[in-house]
Amino acid sequence: MPDDLIRQVPRARSLEDGKRNLNEAGVTIHEDFLSPDALTALQERFIEQAELEREQGVAWFNGEPEDGKCVEAFIKPGSWIGTPKGEPYFQNISFLVNKGRVFIDLASSRLALAYAGHLLGDRFNMIALSGIIVGKGAPLQDLHFDQLIMPFVAPIPSVMNIFVVLSDYDEDMGATRFIPGTHLLAEPAVNQAQSGPMYGYFPDHKETVPAVAKAGDAIIWDGRVWHGQGESTSEKIRRSISMIYARPFLKPIELFAASISDEVYPTLSDEERALFDHTADGGWGARFAPRHAHDRRCNTNAAFPYVPELRRGSPAQAVRFDKID
Ligand SMILES: O=C(O)CCC(=O)C(=O)O
Ligand SMILES: [Fe+2]
């Protein structure tokens, strides 16, 4: 590990400073990313949604269950869907796109898109919009980099995260820990990560620094920088919103075209649908077809007709797009 790595997460109050920090360190804290009004609205919606998901037995959490089902396919091993006993040490509030206009406005806010564009260029879309709650007992997460799906050392970021902080974010609350500067480390160091528990997860712990922040700040990072959630030993609850954006060739974490609810779908503008992965990029990726004859969902730049299995003598009929109501 070179000695000249930056020993703290750099801070910014302007987009220009934040971009410079991202270039140099691969991570920045943008102070007061949210206005006081936006912070209050997001906190209220977030806390109510998280509580009701626990009460109604549909929370995704780690910790002791009251009841529920243990699920395998989630990135945190040993996750449950159900009701936790007391406060779980981890809760993920997935698919926030369906859970309040405030979250859509945040994901499409000018500052968020400016940071995403800085790291990803002109063509990117959102691949996950979720809430993360960390409480006492949460263990240190294995050190990793988010671009772990790409099995080579990349000269550019293809994924980036804007972590909007809604609570205090002290070191003992499990503040995310980073090794600033590692986005630029090449082959030998990154190859080490291949021998970890999962590609992109490092087999050993290294010296990291916490991104200590306060409610309303955002922690923004390049998908190549090494990091992981810290251990929580605090009674205080850490809350944040993770907004992950990627270049259009990456498989999404949350499949928006299949997941946006029928209530929310008609409220989205074309720009918002494009952000939520509805653009058939370059005529190539993410084309989708209507699921039934009256389905109005379509790409922002393509509209396919409804075409079932057509057989002579069968009542099944294709519906041209202009006839779909
Ligand atoms: O929750 C955290 O502090 C970090 C989570 C993380 O590493 C991620 O979402 O990629
Ligand atoms: Fe991560």
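Among Ala116, Ala128, Ala293, the largest mean-square fluctuation in a Gaussian network model of the chain, built with springs joining Cα atoms closer than 10 Å, belongs to Ala293. Between the residues Ala211, Thr233, Met243, the greatest Cα displacement towards the positive end of the dipole of the stretch 209-249, with unit charges on the Cβ of Lys, Arg, Asp and Glu, is found for Met243. Amide H contacts of Asn299: Phe288, Phe304, each under 5 Å away and 5 or more positions distant or on a separate chain (H built 1.01 Å from N in the peptide plane; Pro and chain starts excluded).
Give, rounded to the nearest 20 debye, the magnitude of the charge dipole that the chain has about its Cα centre when Lys and Arg contribute +1 at Cβ and Asp and Glu contribute -1 at Cβ.
Computed charge dipole of the chain: roughly 1080 debye.
Annotation: per residue accessible area for the stretch 11-254 equals 42 Å², rounded to a whole number [probe 1.4 Å, protein chains only]. Relative to the first principal axis of the alpha-carbon coordinates of the chain, what is the inclination of helix 36-55, with its axis defined by its Cα atoms, in degrees from 0 to 90 and to the nearest 10? Approximately 70 degrees, to the nearest ten. In the chain, helices alone account for a calculated mean residue ellipticity at 222 nm of -5500 deg cm²/dmol, with every DSSP H run of four or more residues adding -39,500 (n - 2.57).
Full extension of the segment from Ser269 to Leu184, taken as 0.36 nm per residue of separation minus the current Cα-Cα distance, would add 26.9 nm. Tally Lys and Arg at +1 and Asp and Glu at -1 over the other residues with C-beta under 13 Å from the C-beta of Gly282: what net charge comes out? It works out to a net charge of +1. Across the options Cys70, Asn301, His30, the greatest Cα extent toward the positive end of the charge dipole of the chain (unit charges at beta carbon of Lys, Arg, Asp, Glu) belongs to Asn301. Element breakdown for the chain at a 1.4 angstrom probe: carbon and sulfur atoms account for 53% of the accessible area. Remark: the stretch 247-325 carries a charge dipole of roughly 480 debye about the Cα centre, counting +1 on each Lys and Arg Cβ and -1 on each Asp and Glu Cβ.
So what's the chain giving for Rg/Rh, alpha carbon basis, Kirkwood Rh from the mean inverse pair distance? Working shown, then result.
Details: Rg = 20.9 Å, Rh = 21.0 Å.
Taking Rg over the Kirkwood Rh, I get 1.00.
Once R0 is set to 25 Å, what does the formula 1/(1 + (r/R0)^6) return for the Cβ-Cβ distance between Ala289 and Glu16, expressed as a FRET efficiency to the nearest 0.05?
Values: r = 44 Å, r/R0 = 1.74.
The value I calculate is 0.05.
Once the dipole of the chain is set up with Lys and Arg at +1 and Asp and Glu at -1 on Cβ about the Cα centre, which of Gly283, Ala175, Gly18 lies farthest towards its positive end? Checked the options; the winner is Gly283. Take each peptide in 296-309, 148-161, 220-233, count the other Cβ atoms within 10 Å of every residue, and average; sorted highest first, the result is 220-233, 148-161, 296-309.
Between the beta carbons of Ser259 and Val153, assuming R0 = 35 Å, the FRET efficiency works out to 0.60 to the nearest 0.05.
The values are calculated or read from the model by the stated rules, or taken from the named source; none is laboratory data. Everything quoted here is computed from the prediction, not taken from an experiment. Here the Cβ is made from the backbone with ideal geometry for all residues, glycine too, and neighbour counts use every protein chain on show. Ligands, DNA and RNA are stripped out before the accessible areas are found, and what is left, the full protein with its side chains, is counted by its heavy atoms. Shrake-Rupley method; radii C 1.70, N 1.55, O 1.52, S 1.80 Å.
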